[in-house]
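Undergrad: Okay, here's the structure, questions in a sec.
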Amino acid sequence: MSPRSNNLTFALANTSAVLGALFIAFALNLERPYWAMFTVFIIARPISGAVRSKGVYRLLGTTGGAAMALFLVPLLVQTPVLLCLTISGWVGFCLYVSLLDRTPRSYIFMLAGYTAAIVAFSVVDRPDAVFATAVARLEEIWLGIVCAAVAHSIFFPNNAATSINKRIERAIEESANWIADTLKQPPARTDARTYQRLARELTDLHLLYTHVAFETSDVPRARRIMQVLQERLSVLPVHLTSVQKALEAQRTRATLCPEVSRRIDTASDLARRIGSTRWASARSLERLSYQIDDIGKELTGPRTLLEQAITSRLVSLLKALAESRILSAALKDPVPQLPIDLQLEVSLSTRRPLHVDHGIALLSACAATASCLVACALWIHLSWPEGGVAAQFAAIGCSLPATLDRPSKVVRAGVLGIVLALPFGALYVFAVFPRIDGFASLAFALLPALFLLSLMQASEKFGGVALVLAVAFSGALALQPTYQADFASFVNANTAEVIGLLIADAMLIAFRTIGPRWNAVRISRQGWRAVSDLASNASPDAESWSLPMFDRLGLVLSRLRDGDRDFAMAAHIDPLRDLRVGFNLATLKRAEIHLSPTNQATLRSVSANVAAIYRRHDDRDVHALSASLDAAIGALTTEPPSAGRRTGLAALTLLQLELAPATPQNLSEETGA
Amino acid sequence: MTGEFAIDGVFVPRVLIEFALAFGVSLLLRRMLRWFRLYRFVWHAGLFDTAVFVVLAWTIAKVGAGIAS
């Protein structure tokens, strides 16, 4: 379907979901039908699986929050200060926990936090109503979720797998072409943007894939295949830049031997061919795999270690690319058997975490608790009747945008949304509603507004704006079974919402103003810790290590502008280098088992020195490392030729290139193979 | 048809229980159908799942009413 008709069907489904929810809510005489109304808008997504997953998460979160309010309010309602402290603390705690999980699942905890605030603060003056309010909130949200989920699964649903597969195909094709081009050129400054794009795309795919578990039943579930595929795609830039770096180093020392440059040309052609095979049939890839192995054949005659390392990385690069093709085909239809080693890896793969940022989570939690407390203080000390609403919106305003780099921008957009939606709401409440005498006329009156908002929500550009407007509009209408228009309370409630959001804005500015450069340093530091852990750990799990590292790469690069290059160099920020080092370390560990015990000990001392460098960037460690690298390379060249020796030497050579480039004499030493 | 179950003093409508049961059964059924790759023969999985749920809920309600009477 074309994007335009997609948007239309989405808007149609969404409008019917809203009207259906309103109709049922009025028919059952529920207390606040508008809660059901904006729930539909909140969980509406152009992808059916995303609607259903968000619905489930919203349900769980609301239930948890309502239960918490139900538990706290009767206990603490006599001591308002204590109640405010506990609820604010709970909001902060939930936000902290939710920010530790970057998948859509985090919504559960965030919602549990501010739902408790919504329910508790709206019943403090009549605590006996807490059960009824909690149940009402649950009922309306259930209703909204069920209506949205049914409507978006039945009316021309778009499933998550289609768009995921399309994006993966595109990512592989782009990577393949880019590898083919880049192998023939020296590294360019613009490469960093390409890596950033790929890293971002992989993180997005990771998040998007969580919806597949909730997709309509015809979509195959293949989480493990997806994990291995992500790993393959994430090592592409690692191998590619390794090759580039080694080539550069080789060219500054001596001319490249014609055999190596011939193999590089072959590799470039193969990459382009892998990129253009749309449906990777097993046979065509098998033929390719022989050609890939040809590239890695031991170079005959006296060759430098660097040239050997280049060919071995070319093989890894092409293998990863070819396997990502096979895996992406398997993602669509997991039934045909994968090659046996891939199948084994897929069935052993474990869940991969993304980068977790405790610092930001803690600061956001502080901002949420503080803004909630400030609103409560105003509420109590000014005896302000609508203060509870302000406290609710302070909690919501700090929670929802907490994952962003500059959350206060979104809060200000929310204020603007409320102010903009207000006149429309007022128009409906005071001019249209008095003339309405039943559901049919209400539906007709609301239809244009609902359809317009849904249509806006479908487009990528206006999606966020539309959501803010839709929620603000539903809140301003505050549809209730009996018509009660009171201009004073209309204005009061909306003012309190705006004040609550402004408090949230102030607190977010106070707690969450962090320069992007400093953030990049913080994230990189965590990456260094991961590398040193990998180096000092006896049995590393390099597969699950690479996704968070690659995620960090995207996060760091997106925070650095082109002008920050010198700063990044000075602060040792180079996430791609960290990835390469980690990858070479893992290769070393795998090669270790094939070697003699004394050589194993030498390799271990190399790892220990790398760990030391990554713990504290100190020149003395660099000297120690280069000495141990020299010793290890010397020791390995005396080993009899074997696969372990070759991969070990390649990894050591590349490590030397990354971390101790000052000693070139060894690199040009010839290996008489 | 209409009635309520009292669970620890909270009255829960019978329809809710029936729906919850039907939903659980439909989850199992969908998993089985997916396991046998029968969704290849289904044109519109969302619609099909909804229809299966309705049929299951109706059956459970009928059977429940039969047992109660």
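Undergrad: Taking a quarter of the surface of the convex hull around the Cα atoms of chain A, what do you get in nm²?
TA: 31.8 nm²
Undergrad: Can I ask one more? Expressed in nm², what is the orientationally averaged projection area of the convex hull enclosing the Cα positions of the stretch A:13-71?
TA: Mean orientational projected area (the stretch A:13-71, Cα hull): 4.3 nm².
Undergrad: Using a simple spin-label model with points 7 Å from Cα along the Cα→Cβ vector, what separation in nm is obtained for A:Thr255 and A:Arg200?
TA: Between A:Thr255 and A:Arg200, the simple spin-label model gives 4.3 nm.
Undergrad: Rg and Dmax of the stretch A:409-454, Cα atoms, in Å?
TA: 13.0, 41
Undergrad: Considering chain A, which cysteines have no disulfide-compatible partner, defined as another cysteine with its Cβ under 4.7 Å away?
TA: Cysteines lacking a close Cβ partner in chain A: A:Cys94, A:Cys147, A:Cys257, A:Cys366, A:Cys372, A:Cys398.
Undergrad: Mind checking which lysines have their Cα closer than 29 Å to the Cα of A:Lys332? Skip sequence neighbours fewer than 8 apart in that chain.
TA: Cα-Cα hits under 29 Å: A:Lys54, A:Lys166, A:Lys319.
Undergrad: Restricting everything to alpha-carbon atoms, can you work out Rg to Rh for the stretch A:500-640 with a Kirkwood hydrodynamic radius?
TA: 1.12
Undergrad: On full extension of the chain, what length is gained from A:Thr638 through A:Ala570, given 0.36 nm per residue of separation minus the C-alpha to C-alpha distance?
TA: Here the segment from A:Thr638 to A:Ala570 would lengthen by 20.6 nm.
Undergrad: Suppose we take every Cα in the stretch A:118-183 and form the convex hull; what volume per residue is that in Å³?
TA: In the stretch A:118-183, the Cα convex hull volume per residue is 126 Å³.
Undergrad: Which three lengths, in whole Å and largest first, does the stretch A:429-493 cover when its Cα atoms are put on their principal axes?
TA: 37, 30, 17
Undergrad: Membrane-span-like helices in chain A: DSSP H runs reaching 15 Å or more (Cα, own axis), mean Kyte hydropathy at least 1.0?
TA: A:33-43, A:80-99, A:107-123, A:130-154, A:358-381, A:387-399, A:407-426, A:439-458, A:463-477, A:487-512
Undergrad: In the stretch A:443-541, what trypsin sites (Lys or Arg not before Pro) fall in a loop by DSSP, with at most 11 other Cβ atoms inside 10 Å?
TA: Those satisfying the criteria are A:Lys461.
Undergrad: Okay, moving on. Per 10 Å bin, what percent of the C-alpha pairs of the stretch A:165-224 does each bin hold, from zero upward?
TA: 18, 41, 25, 12, 3
Undergrad: Taking the stretch A:1-118 as the region of interest, what is the percent of Cα-Cα pairs per 10 angstrom bin, listed from the shortest bin to the one with the maximum distance?
TA: Bin by bin from 0 Å, the calculated values are 13, 32, 31, 18, 4, 1.
Undergrad: So what are the three principal axis dimensions of the stretch A:61-206 from its Cα atoms, in whole Å, longest to shortest?
TA: Sorted from largest, the Cα extents of the stretch A:61-206 read 75, 39, 15 Å.
Undergrad: From the Cα trace of the stretch A:62-139, what convex hull volume per residue do you get, rounded to a whole Å³?
TA: 64 Å³
Undergrad: Something else now. Please enumerate, by chain and number, the lysines with C-alpha under 17 Å from the C-alpha of A:Lys409, excluding those fewer than 8 residues away in the same chain.
TA: A:Lys461
Undergrad: Please grab the % of Cα pairs in the stretch A:489-551 that end up more than 16 Å from each other.
TA: Tail of the P(r) past 16 Å holds 66 percent of the pairs.
Undergrad: For the stretch A:178-300, what D do you get in µm² per second when you plug the Kirkwood radius from alpha-carbon pairs into Stokes-Einstein at 37 °C and 0.692 mPa s?
TA: For these conditions, the coefficient is 193 µm²/s.
Undergrad: Sticking with this structure for a sec: Any chance you could tell me what percent of the C-alpha pair distances in the stretch A:401-534 go past 23 Å?
TA: 51 percent
Undergrad: Run the reach check for A:Lys184 against aspartates and glutamates, Cα to Cα strictly under 12 Å, same-chain hits fewer than 8 apart removed. What comes back?
TA: A:Glu248, A:Asp265, A:Asp269
Undergrad: Two decimals is fine: what is log10 I(q)/I(0) at q = 0.18 Å⁻¹ for chain B, from a Debye sum with one equal scatterer on every Cα and no solvent?
TA: -0.74
Undergrad: Once you compute Rg and the Kirkwood Rh from C-alpha atoms, what is the Rg to Rh ratio for the stretch A:345-464?
TA: 1.13
Undergrad: Can you give me the C-alpha center-to-center distance between the stretch A:54-129 and the stretch A:538-599, rounded to a whole angstrom?
TA: Here the two parts' Cα centres lie 40 Å apart.
Undergrad: With point charges of +1 on the Cβ of Lys and Arg and -1 on the Cβ of Asp and Glu, referenced to the Cα centre of chain A, which listed residue (A:Ala116, A:Ser607, A:Ile168) lies farthest in the positive direction of the dipole?
TA: A:Ile168
Undergrad: Using alpha carbon centroids, what distance separates the stretch A:324-395 and the stretch B:16-34, in Å?
TA: 28 Å
Undergrad: Further question on the same structure: Taking just the C-alpha trace of the stretch A:1-45, give me its Rg and Dmax in Å.
TA: 12.4, 40
Undergrad: Sticking with this one: Mind checking chain B for chymotrypsin sites (Phe, Trp or Tyr not before Pro) that DSSP puts in a loop (not H, G, I, E or B) and that have at most 12 other Cβ atoms within 10 Å?
TA: B:Phe36, B:Trp43
Undergrad: With a cut-off of 8 Å between alpha carbons and a minimum separation of six or more residues, what is the relative contact order of chain A in percent?
TA: 19 percent
Undergrad: Could you give the radius of gyration (one decimal) and Dmax (whole number) of the Cα atoms in the stretch A:519-601, in Å?
TA: 14.8, 49
Bear in mind that the values in this text are calculations on the coordinates, not laboratory data. Keep in mind that this is a model prediction, so the values were computed, not measured. In this analysis, Cβ positions are derived from the backbone assuming ideal geometry, glycine residues included, and neighbour counts consider all displayed protein chains.
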